[in-house]
Amino acid sequence: MKIIVVGGVAGGATAIARLRRLDENAEILLLERGKYVSFANCGLPYYIGGAIEERDSLFVTTKESIEDKYNIEIRTENEVLSIDKENKRVRIIDYTSGREYEEDYDKLLLSTGSSPFIPDVEGINERNIFKLWTVPDVDAIYSFIEKEKPKKAVVIGGGFIGLETAENLYEKGLEVTLVEMSDQVMPPLDKDMAKILENHLENKGVKLLLGEGFDGTENKGKTIKLKSGKKLESDITILSIGVRPNSEIAKSAGLELNERGGIKVDKFQKTSDENIYAVGDVIEVKDFILGTNTMIPLAGPANKQGRAVASNILEKREETYKATMGTSVAKVFDMTVATVGSNEKSLIKKGYKYKKDYYISLVHPMSHAGYYPGALPMTIKLIFGRDGEILGAQIVGYDGVDKRIDIIATTIYFKGNVYDLSDLELAYAPPYSSAKDPVNFAGYVATNILEGLTEPITLQELKEDKSKYTVLDVREEIEQVSGMMDEAISMPLTEIRNRIGELDKNKEYAIYCAVGIRGYIAERILKQRGFSAHNILGGYRTYLDIE
Ligand code: FAD
């Protein structure tokens with residue numbers, strides 16, 4: 001059997017290795033239009049900043065090593081121009097010679113990935129305007145910085161690659177401005193969670209311009225024009241606006257695509273053509289939680305699909321790739337941000353209603369026991385349905401964020417719910433966690449909500465209907481010195497039982513403490529004495545984060 005694989009990085013490289021391990025006799029040809037195969041695209045930003053010191057570290061392996069180890073023919077700088085699916089043939093251009101030629105296949109695997117979106121605007125091709133996607137891209141940025149010693153950098157786009165790039169340019173000593181068209185950074189987060197990151201970026205000295213669209217450059221790329229009319233000076237600009245699937249050859253071959261250009265595949269990664277398979281950023285996947293179709297360009301899913309597809313291509317045994325839940329993590333200076341599943345804004349877009357179709361728990365636990373040195377806070381936003389099913393989670397913090405998101409992702413994978421998050425027995429010693437892990441805490445709050453023990457409101461709800469609530473601050477007076485919410489009445493938790501006569505049963509109380517625990521206790525006291533009371537999710541910490 002002759003198998004041609006198109007694209008030799010995440011999905012493609014995994015697939016060829018697995019193909020060979022499963023079948024020593026198959027003829028495998030890998031075609032890659034770039035200069036390199038199997039490079040660490042996820043590591044590229046860190047080479048700019050210097051965390052990855054050696055350029056060689058960016059190569060997971062080399063072409064020669066794969067060829068030797070796996071007996072696979074690899075042709076780099078060879079691009080597939082078209083697919084003739086009826087005759088099972090691809091047309092290729094070899095950029096080293098300029099020659100065009102054809103190759104037949106029995107099975108074809110497309111792992112062509114995605115490409116960064118480059119808008120067609122004035123001055124986009126100036127020599128100080130870059131994208132960061134491949135090794136040649138990072139080489140160009142690296143050498144520009146070494147030679148030209150730029151001082152001011154503009155990063156366009158506040159997704160995870162944009163943020164990683166901003167951090168690494170900053171680490172390199174540049175003054176960085178980050179421009180983002182939407183009203184928040186990091187699209188997988190909700191705005192309230194993104195705000196924590198935005199504060200951190202600004203504290204670090206990155207200038208943030210939200211709600212600003214890129215509109216080209218002038219003055220040889222040294223002036224960045226924004227749609228609002230604003231202009232920024234920039235010695236080097238990196239575009240990180242979004243990605244598009246590399247599905248042109250699939251489209252012209254008549255393979256079935258979705259409206260975003262993603263190749264449609266079945267659970268065996270087979271496209272609409274019997275002999276063509278596809279994996280990675282270029283395909284449409286099933287949302288693990290909602291079951292809907294979506295596109296989630298991440299390295300983990302690409303690798304898993306690349307591994308699974310090999311058996312299907314070889315018709316050895318059927319291996320299915322179920323679905324993607326979008327588990328992701330990124331470092332943003334000292335903070336770590338991680339997400340899994342849906343966020344609130346995407347659920348709302350899909351027609352979900354808060355307190356009807358989904359609920360939120362918002363907690364600020366410490367990364368490990370508070371009495372052991374080095375404990376740092378994290379914020380966990382857990383989104384769950386009426387029956388406790390987990391719809392998504394977002395975590396922003398400093399330490400232990402990656403571990404907690406992976407626990408939640410694993411729970412989702414095994415169809416666990418918020419009751420399971422409460423019940424999970426997790427490893428504990430003071431340097432690592434607390435006897436009640438942050439994940440347990442998120443679960444406790446969620447189950448308390450579902451059981452009606454607490455009826456929390458979000459700060460947004462409070463803001464939208466201020467006149468409905470009387471706000472009680474139940475922190476100790478010493479904590480209130482540094483600030484209180486607008487129009488809040490001070491009634492520390494320790495005094496509430498004695499001062500209950502000051503409260504009015506005709507009023508609806510919105511209660512807050514520092515992070516939500518004392519607010520919940522106060523809510524329980526009031527509720528059990530016949531008052532209408534709501535804990536404010538996230539407490540004063542969230543108020544400070546998002547105000
Ligand atoms: P790729 O790995 O992009 O490989 C596609 C290859 O196909 C490319 O080399 C391309 O040249 C080649 N190709 C395309 N068309 C043709 C053609 N017609 N003929 C021949 N060759 C062709 N994901 C994470 O999960 N975590 C991270 O931290 C992370 N960080 C990232 C940082 C950066 C800077 C970048 C760029 C990406 C990052 N990603 C991250 C995303 C991750 O790298 C991708 O999701 C993953 O590589 C997708 O795998 P793939 O096989 O679909 O495509």
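The values are calculated or read from the model by the stated rules, or taken from the named source; none is laboratory data. Bear in mind that the values here come from a model prediction, so they are computed numbers and not experimental data. Methodologically, a virtual Cβ is constructed for each residue, glycine included, from the backbone with ideal geometry; neighbour enumeration extends over all protein chains shown.
Points to keep in mind about this one:
- Selected residue [surrounded by fewer than 16 Cβ atoms within 10 Å (Cβ to Cβ) and either farther than 24 Å from ALA40 by Cα or within 11 Å of the ligand (Cβ to nearest atom) (or both)] from GLY216, GLY261, GLY229, GLY221: GLY229
- Pairs with Cβ under 8 Å, 6+ apart, first in region 497-518 and in a loop (DSSP other than H, G, I, E, B) and among the charged types (D, E, K, R), second loosely packed, with under 13 Cβ neighbours inside 10 Å and at pLDDT 95 or above: LYS505/GLY530
- Apart from one condition, LEU347 fits all of (1) buried (at least 21 other Cβ atoms within 10 Å of the Cβ); (2) under 21 Å from ASN199 (Cα atoms); the exception is (2).
- For region 1-58, a residue qualifies if it is in contact with a strand residue (DSSP E or B) (Cβ under 7 Å, 6 or more places away or on another chain), outside any loop (DSSP other than H, G, I, E, B) and among the basic types (Lys, Arg), and the qualifying residues are LYS2, ARG20.
- Considering the conditions (1) crowded, with 19+ Cβ neighbours inside 10 Å; (2) at pLDDT below 95; (3) over 25 Å from the mean Cα position of the chain (by Cα); (4) of a type outside the set (Phe, Trp, Tyr), SER434 is excluded by exactly one of them, (2).
- If the condition is being touching a Phe, Trp or Tyr at 6+ places or on another chain (Cβ under 9 Å) and among the charged types (D, E, K, R), then region 434-456 contributes LYS436, ASP437.
- Unmet requirement for GLU455, which otherwise passes all of (1) among the charged types (D, E, K, R); (2) assigned to a helix (DSSP H, G or I); (3) touching a strand residue (DSSP E or B) at 6+ places or on another chain (Cβ under 6 Å): (2)
- Checking each residue in region 159-189 for being closer than 15 Å to LYS131 by Cα and surrounded by fewer than 20 Cβ atoms within 10 Å (Cβ to Cβ) picks out only GLY159.
- Here region 346-367 is the region considered, the condition is being among the small types (Gly, Ala, Ser) and farther than 24 Å from ARG541 by Cβ, and the residue that is farthest from the chain's Cα centre (by Cα) is GLY351.
- Condition check for ASN78: free of Cβ contacts under 8 Å to residues at least 60 places away in the same chain and either away from the ligand (no atom under 15 Å from the Cβ) or crowded, with 17+ Cβ neighbours inside 10 Å (or both): yes
- Candidates are the residues of region 276-302 that are closer than 22 Å to THR410 by Cα and within 6 Å of the ligand (Cβ to nearest atom); the one that is surrounded by the fewest Cβ atoms within 10 Å (Cβ to Cβ) is GLY300.
- LYS149 falls short on exactly one of the conditions (1) more than 25 Å from the chain's Cα centre (by Cα); (2) within 14 Å of the ligand (Cβ to nearest atom), and that condition is (2).
- From SER272, SER252, SER234, residue being within 27 Å of LYS107 (Cβ to Cβ), surrounded by 14 or more Cβ atoms within 10 Å (Cβ to Cβ) and out of contact with any Pro (no Cβ under 7 Å at 6 or more places or on another chain): SER272
- Screening region 4-27 for residues that are among the small types (Gly, Ala, Ser) and within 16 Å of the ligand (Cβ to nearest atom) and picking the one that is farthest from ALA250 (Cα to Cα) gives ALA17.
- Any hit, region 103-116, residues being under 30 Å from TYR277 (Cα atoms), away from the ligand (no atom under 12 Å from the Cβ) and part of a loop (DSSP other than H, G, I, E, B): yes
- Neighbours by Cβ (under 6 Å, 6+ apart or cross-chain): first from region 167-189, in contact (Cβ under 8 Å) with a residue 40 or more places away in the chain; second of a type in the set (Phe, Trp, Tyr) and in a loop (DSSP other than H, G, I, E, B): GLU167/PHE333
- Conditions (1) surrounded by fewer than 15 Cβ atoms within 10 Å (Cβ to Cβ); (2) within 15 Å of VAL445 (Cβ to Cβ): number failed by ASP357: (2)
- Count of residues meeting criterion [more than 12 Å from the ligand (Cβ to nearest atom) and in contact (Cβ under 8 Å) with a residue 24 or more places away in the chain] in region 308-331: 14
- When we screen ILE449, ILE525 for residues that are buried (at least 20 other Cβ atoms within 10 Å of the Cβ) and part of a helix (DSSP H, G or I), the only hit is ILE449.
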